[in-house]
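K.L.:
I'd like to ask some things about the structure below.
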Amino acid sequence: MLKINLLPIRQLQRQAGARNELFSFVACFILILLILGAISMVQANKASAIQTEITRLNQEKQTYDKILAEIKKLEADKKELENKISIIIQLKTDSSLTVHVLDEVARKLDSTRIWLTAFDQQGGSLSLKGIALDNKTIAEFMNSLDASDFISDVNLSDSLLTKVAGQDLKAFSLQCAVATPTEKTAKTTQQKK
């Protein structure tokens, strides 16, 4: 009887199968590495393009920053000029108001019975100090001031008996509010003149 040894063939087949599996595994591994390398290159190109875009945008931003700084400077200059203009307008209004108030006080003053010793206007308030012959003269002066278009809220702060040149006279202090009248009231005042 013949004996055939099949063991080496099976072993050779197993070794060939193992070799084929190893080649398949190595081929798959190399394929995966190639795919990952390709993806890495694509991502690197995208990152490079994005970095280039960021650099370009930063340069563009710097040019806009200069323009923005100039705009902010112009806005600050504009605000400063507007403040100066409003101050000039306020000064014109206040100076014309002071002239009108002085005129009103001078016209309402009876120089034979009452004399002013102090006149102080601060913004919208007026302080008057003076000497009068009697209380009636002070009251008449207060009423005539209160009837003015430019002066209102006339209040007597104090009234004291004082001697001037041997005569008993009344020293007084008045507090008033001053304001520019409306156009209608101003026209009425001009028509009265």
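K.L.:
So if I check each of L68, L34, which one is among the aliphatic types (A, V, I, L, M) and modelled with pLDDT of 95 or more?
P.N.:
Values: L68 fails: modelled with pLDDT of 95 or more.
None of the others qualify; the one that does is L34.
K.L.:
Tally the residues that are surrounded by 13 or more Cβ atoms within 10 Å (Cβ to Cβ) and part of a loop (DSSP other than H, G, I, E, B), restricting the search to region 135-159.
P.N.:
3
K.L.:
Follow-up question, since we're still on this one. Given (1) at pLDDT below 95; (2) surrounded by 10 or more Cβ atoms within 10 Å (Cβ to Cβ), identify the lone condition not met by L7.
P.N.:
Just one mismatch for L7, condition (2).
Here's the yes/no breakdown for (1) in contact (Cβ under 8 Å) with a residue 40 or more places away in the chain; (2) among the hydroxyl-bearing types (S, T, Y); (3) part of a strand (DSSP E or B); (4) closer than 12 Å to V178 by Cβ:
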{"residue": "Q59", "(1), (2), (3), (4)": "no, no, no, no"}
{"residue": "Y64", "(1), (2), (3), (4)": "no, yes, no, no"}
{"residue": "I67", "(1), (2), (3), (4)": "no, no, no, no"}
{"residue": "L74", "(1), (2), (3), (4)": "no, no, no, no"}
{"residue": "L97", "(1), (2), (3), (4)": "yes, no, no, yes"}
{"residue": "H100", "(1), (2), (3), (4)": "yes, no, no, yes"}
{"residue": "A106", "(1), (2), (3), (4)": "no, no, no, no"}
{"residue": "L116", "(1), (2), (3), (4)": "no, no, yes, no"}
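K.L.:
From the set of residues in region 75-95 that are at pLDDT 85 or above and among the charged types (D, E, K, R), which is nearest to G123 (Cα to Cα)? I'd like the intermediate steps shown before the answer.
P.N.:
Narrowing region 75-95 to residues at pLDDT 85 or above: 75-88.
Those still in the list that are among the charged types (D, E, K, R) too: 75, 77-80, 82, 84.
Working: E75: 30, D77: 28, K78: 27, K79: 24, E80: 23, E82: 21, K84: 18 Å.
Only one residue tops the list, namely K84.
K.L.:
Cβ-Cβ below 7 Å, separation at least six or inter-chain, first residue in region 153-172 and more than 17 Å from M142 (Cα to Cα), second of a type in the set (D, E): which pairs?
P.N.:
L161/D168
The values are calculated or read from the model by the stated rules, or taken from the named source; none is laboratory data. Since the structure is predicted, the reported quantities are computational estimates derived from the model, not experimental observations. Methodologically, a virtual Cβ is constructed for each residue, glycine included, from the backbone with ideal geometry; neighbour enumeration extends over all protein chains shown.
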